[in-house]
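Q: Could you have a look at this structure, given as structure tokens, before my questions?
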């Protein structure tokens, strides 16, 4: 039996050492590689020393030295395991913290170098060639510390496994199994007080554990994978995420939410469960339903808000999750696209599409209500000559000036639009023929006063206007055609005047 245990222990030491070397080669690309490599190095030392203790005929000094080195290996495994589980759970340890975990094995190694230090750790007596070991309080403190590190590390990894995305949970399972096997073997050894000739299950467990690490490093590249938790995903999101309990109190918020909502969401207020966020009044009405909308802050920031209710396994309300996204730029672009789709690019007036929609609506309303409806169609006189003599840039400036006159002339319920080219329309709901004609003549007179300075002199313009009043049975196209015919009649009569379309007999 001692020979078999020695062979198993030596094999465990070799496999753990080889796996550790493989892992350490990845230390530049993974935060997990260094602690895992140190842990495997400690396992290799532990197994090698424990196996050598079982070799019959070993000298008493060598036996004592090997026994002390076992505890150095134990301390390396415990400290590196805690370090590994901390990184695996998403907490990157600083160099100072990692160095603090290595103080324990370093102190044990220093105790090994002095007789008084060894005596303070273990009482070792020799009876002939037999070594009798007595445990001191310092030994039990060492044992409690190592077990505490391992149990805390495994507990932390188990808690993090529940927060990890499903695809990465196997990483925690492999890590927990790799640490739990030697821990169980060591506990059996402590309970049954292993002597120099007694079999020790810990190296046997290390053999399985180290072989498992070798396999995953050889084929699975385990040390390059740091699992992603849902908490980490929330922390890196640009969207603000706020969690409210069933009473509407804020119980959690990611960094983006704290930045967006200001000082109301600090750790103290979250711990107390009431952050008093300024937009909370918008949530009260949406506690029991899925809702989506936008809010505009006092600074002009536009927020897309989603309120998502949560429920427990019994269907009872468990609170809500609020997701806020800054869509200010998106809303600006959307408004710009809407403006481009509905307004003329040169004059800023409504375009033909808007005019057709409003004309159809006005005709329908006038037909059903019996109220009058008139339209003024304006065309710039001799506009081609202005372009030919002064250039298209001057012509565009002239159209823009006329557009401003129409915009200033339009009332709240009236529509000023550019029909196309040099043609404009003023839609006048509620106006009968005579009143519409007066409005058209006033508009003509305002346009006649336009003066535009250019490099070759001052440019003015006159317009011809056609007025059409809705007649029974007319469609929107009939009304537009009648106004166009009246405008051409005004041009034929000498331009710079108003003509009214005759009503059908």
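The values are calculated or read from the model by the stated rules, or taken from the named source; none is laboratory data. Remember, predicted model here, so these are calculated numbers, not experimental data. With ideal geometry, Cβ positions are generated from the backbone for all residues, glycine too; neighbour counts draw on all protein chains shown.
Q: Determine if the range 82-89 includes at least one residue that is assigned to a loop (DSSP other than H, G, I, E, B) and modelled with pLDDT of 75 or more.
A: Yes; the residues of the range 82-89 include at least one that is assigned to a loop (DSSP other than H, G, I, E, B) and modelled with pLDDT of 75 or more.
Q: State which residue is nearest to residue 345 (Cα to Cα) when the search covers only the range 408-422 and only residues that are in contact (Cβ under 8 Å) with a residue 24 or more places away in the chain and buried (at least 16 other Cβ atoms within 10 Å of the Cβ).
A: Going through the qualifying residues, I end up with 418.
Q: Hey, could you check the range 473-491 for residues that are in contact (Cβ under 8 Å) with a residue 40 or more places away in the chain and over 59 Å from the mean Cα position of the chain (by Cα) and say which is surrounded by the most Cβ atoms within 10 Å (Cβ to Cβ)? Explain how you work it out, then say what you get.
A: Filtering the range 473-491 for residues in contact (Cβ under 8 Å) with a residue 40 or more places away in the chain gives 474-476, 479-480, 483-484, 486-487, 491.
From the residues that got through so far, the ones that are over 59 Å from the mean Cα position of the chain (by Cα) too are 486-487, 491.
Numbers: 486: 23, 487: 25, 491: 18.
Filtering first and then ranking leaves 487.
Q: Same structure again: Answer yes or no as to whether residue 442 is assigned by TED's automatic domain parsing to the domain that holds residue 481, more than 19 Å from residue 485 (Cβ to Cβ), outside any loop (DSSP other than H, G, I, E, B) and at pLDDT 95 or above. Spell out the reasoning first.
A: Values: assigned by TED's automatic domain parsing to the domain that holds residue 481: yes; more than 19 Å from residue 485 (Cβ to Cβ): yes; outside any loop (DSSP other than H, G, I, E, B): yes; at pLDDT 95 or above: yes.
Yes.
Q: Among the residues in the range 262-280, are any part of a loop (DSSP other than H, G, I, E, B), at pLDDT 70 or above and either crowded, with 18+ Cβ neighbours inside 10 Å or assigned by TED's automatic domain parsing to the domain that holds residue 30 (or both)?
A: So the first thing to find is which residues in the range 262-280 are part of a loop (DSSP other than H, G, I, E, B), and the list is 265-266, 273-280.
Still in the running and at pLDDT 70 or above: none.
No, that holds for no residue.
Q: Among what's in the range 332-348 and is part of a helix (DSSP H, G or I) and in contact with a helix residue (DSSP H, G or I) (Cβ under 8 Å, 6 or more places away or on another chain), pick the residue that is nearest to residue 423 (Cα to Cα).
A: Looking at the filtered set, the residue picked out is 342.
Q: What do you reckon, is residue 112 modelled with pLDDT under 80, in the same structural domain as residue 9 (by TED's automatic domain parsing) and under 50 Å from the mean Cα position of the chain (by Cα)?
A: Considered against the rule, which asks whether it is modelled with pLDDT under 80, in the same structural domain as residue 9 (by TED's automatic domain parsing) and under 50 Å from the mean Cα position of the chain (by Cα), residue 112 comes out as no.
Q: For the range 457-472: of the residues being part of a loop (DSSP other than H, G, I, E, B) and in contact with a helix residue (DSSP H, G or I) (Cβ under 6 Å, 6 or more places away or on another chain), which is surrounded by the fewest Cβ atoms within 10 Å (Cβ to Cβ)?
A: Filtering the range 457-472 for residues that are part of a loop (DSSP other than H, G, I, E, B) and in contact with a helix residue (DSSP H, G or I) (Cβ under 6 Å, 6 or more places away or on another chain), the one surrounded by the fewest Cβ atoms within 10 Å (Cβ to Cβ) comes out as 462.
Q: Could you tell me which of the residues 319, 315 is free of Cβ contacts under 8 Å to residues at least 24 places away in the same chain and either within 18 Å of residue 295 (Cβ to Cβ) or assigned by TED's automatic domain parsing to the domain that holds residue 250 (or both)?
A: 315
Q: Restricting to helices (runs of 4 or more DSSP H) lying wholly in the range 349-436: which have 2 or more residues that are assigned by TED's automatic domain parsing to the domain that holds residue 452, more than 51 Å from the chain's Cα centre (by Cα) and over 30 Å from residue 456 (Cα atoms)?
A: Working: elements: 352-369, 383-390, 392-409.
Because the criterion is at least 2 residues that are assigned by TED's automatic domain parsing to the domain that holds residue 452, more than 51 Å from the chain's Cα centre (by Cα) and over 30 Å from residue 456 (Cα atoms), the helices (runs of 4 or more DSSP H) in the range 349-436 that meet it are 352-369.
Q: Pick out the one residue from 180, 210 that is buried (at least 20 other Cβ atoms within 10 Å of the Cβ) and at pLDDT 70 or above.
A: That would be 210, the only listed residue that is buried (at least 20 other Cβ atoms within 10 Å of the Cβ) and at pLDDT 70 or above.
Q: Failed condition for residue 360, given (1) at pLDDT 95 or above; (2) out of contact with any helix residue (DSSP H, G or I) (no Cβ under 6 Å at 6 or more places or on another chain); (3) loosely packed, with under 15 Cβ neighbours inside 10 Å, with all others met?
A: (2)
Q: Kindly evaluate residue 482 against the criterion of being modelled with pLDDT of 95 or more, closer than 17 Å to residue 355 by Cα and outside any strand (DSSP E or B). Walk me through it before giving the result.
A: Details: modelled with pLDDT of 95 or more: yes; closer than 17 Å to residue 355 by Cα: yes; outside any strand (DSSP E or B): yes.
Considered against the rule, which asks whether it is modelled with pLDDT of 95 or more, closer than 17 Å to residue 355 by Cα and outside any strand (DSSP E or B), residue 482 comes out as yes.
Q: Could you tell me whether residue 71 is assigned to a helix (DSSP H, G or I), touching a helix residue (DSSP H, G or I) at 6+ places or on another chain (Cβ under 6 Å), at pLDDT 85 or above and in the same structural domain as residue 162 (by TED's automatic domain parsing)?
A: no
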